[in-house]
1. Cβ-Cβ under 7 Å, sequence separation 6+ or interchain: first residue in segment 217-231 and under 20 Å from Glu184 (Cα atoms), partner open to solvent by less than 10 Å² (accessible area, probe 1.4 Å) and assigned to a helix (DSSP H, G or I). Which pairs?
2. How many residues are free of Cβ contacts under 8 Å to residues at least 40 places away in the same chain and surrounded by 13 or more Cβ atoms within 10 Å (Cβ to Cβ) if we restrict to segment 48-58?
3. Please state which one of Val214, Val245, Val202 is closer than 17 Å to Asp179 by Cα, open to solvent by less than 20 Å² (accessible area, probe 1.4 Å) and not hydroxyl-bearing (Ser, Thr, Tyr).
4. Go through (1) open to solvent by 80 Å² or more (accessible area, probe 1.4 Å); (2) farther than 24 Å from Phe189 by Cα one by one and return the number of the condition Arg137 breaks.
5. Among residues belonging to segment 3-18 that are over 39 Å from the mean Cα position of the chain (by Cα) and surrounded by fewer than 19 Cβ atoms within 10 Å (Cβ to Cβ), point out the one that is nearest to Ala68 (Cα to Cα).
6. Which residue out of Leu71, Leu107, Leu45 is surrounded by 15 or more Cβ atoms within 10 Å (Cβ to Cβ) and of a type in the set (A, V, I, L, M)?
7. What are the residues in segment 19-37 that are more than 22 Å from Asn74 (Cα to Cα) and open to solvent by 30 Å² or more (accessible area, probe 1.4 Å), if any?
Amino acid sequence: MDLRSLRYFCAAAEAGSLTAAAERCHVAQPSISNAVAQLEQEFSLRLFSRSKKGVTLTPEGEAFYQEAARLLGNAGEMVQRFKRIERPTLSVGINASLASRDSGYLLQLTAGRLEDYRLQVRAQPAQAPDLWLLSERQVPEGYHFVALLEQEYRLLLPRGWSLSQPLALEQATHYPWIDRLDCELRNAFLERLPELADRASVQVDTEDLALSLVQHRQGATVMAVSDDIDLLAPTIDSHSLRGLVPEPLRHRQLGLACRVELKDSILTAFG
C-alpha cells in the first residue's frame, strides 16, 4: 500500500467512475484500475461493486474509504507542516518618505497576496528592487503601479489649537510650522504659501517624526493621512483642504510598483 494507490482509490470512490477518477488524477484509466486491484488483493477486500454506470463502494469499501481519507488528510497536514518549500524571492523596496504605519499596511497586503514568494524587504535599497512600496507620484520608469490605499492631504494641528471657520490656509502661518522635507508636494505647498518656509520651527525628513512633533504640540503641518487618523492620533485635529488647494494636490495613491516584466503575475495575484 502507498499513498498514491490510496489517492487513486479515493478519487474513484468520490467520482463513482474509474474513468472520471483518471481524469481527475491526470493519469490513464489502467493506473486507477491497477491501484484498486492491488489494494483489494493486499487487504483481501472487495472495495467496489462494478456496473455499466460506474463503481459504488461496498460496505467494506466504505469503511476502507473513511480510513484512507483520514490517512491522506493527515499526510497532507504533515507536508504543510514539515516540508520545506523553496519559494522564489522578490526584492521589495520601501520608499524612505513612506510612514512606517503606511509601509506596514502595504507590506501586509503585499505579503498576503504573494504567499508563493519569499519577500526580501529593504528601505531605500542600493539596487533597484523587483517591487516598490510608494506613492503613485514616485513610481520610477520601467515599473507598473498597483493602487492599494488612497489618502487625503489634511492640515494637522495639536488638539485645541483654534482655527476659524471657514478655514483659510493662511491661518496655519500663525503657528510654528513643521517643514516636511520628504513631502512629495512640499514645493507645491510652498508656492501656495511661501511664508511657510519662514515660519518653520523645525525641518524633518520623515512623516513619523512630523506626526510625533504635532502630537507633542511643537507645530502644525500638512500630511497625507488615511481615514483612521483620529484613531491613530487622538491628540491631533485634522482639517480638510477642500477648496484651499487644487484637487489633484488633495489626494495621493499609495501602492505597489512592480517591474514591467512582472506585471502579469503581480496583477494576477492582486486580482
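1. Ala220/Ala172; Ala220/Val214; Thr221/Ala210; Thr221/Val214; Met223/Glu207; Met223/Ala210
2. Of the residues in that region, 3 qualify.
3. When all the criteria are applied, what remains is Val214.
4. With (1) open to solvent by 80 Å² or more (accessible area, probe 1.4 Å); (2) farther than 24 Å from Phe189 by Cα applied to Arg137, the lone miss is (2).
5. The extreme case among them is Gly16.
6. When all the criteria are applied, what remains is Leu107.
7. Thr19, Ala20, Glu23, His26, Val27, Ala28, Gln29, Pro30, Ser31, Ser33, Asn34, Ala37
The values are calculated or read from the model by the stated rules, or taken from the named source; none is laboratory data. Since this is a predicted model, take the numbers as computed values, not measurements. Here Cβ is always computed from backbone atoms with ideal geometry, including for glycine, and neighbour counts include all displayed protein chains. Quick note on the areas: whole protein, heavy atoms, side chains included, nothing else; ligands and nucleic acids left out. Shrake-Rupley method; radii C 1.70, N 1.55, O 1.52, S 1.80 Å.
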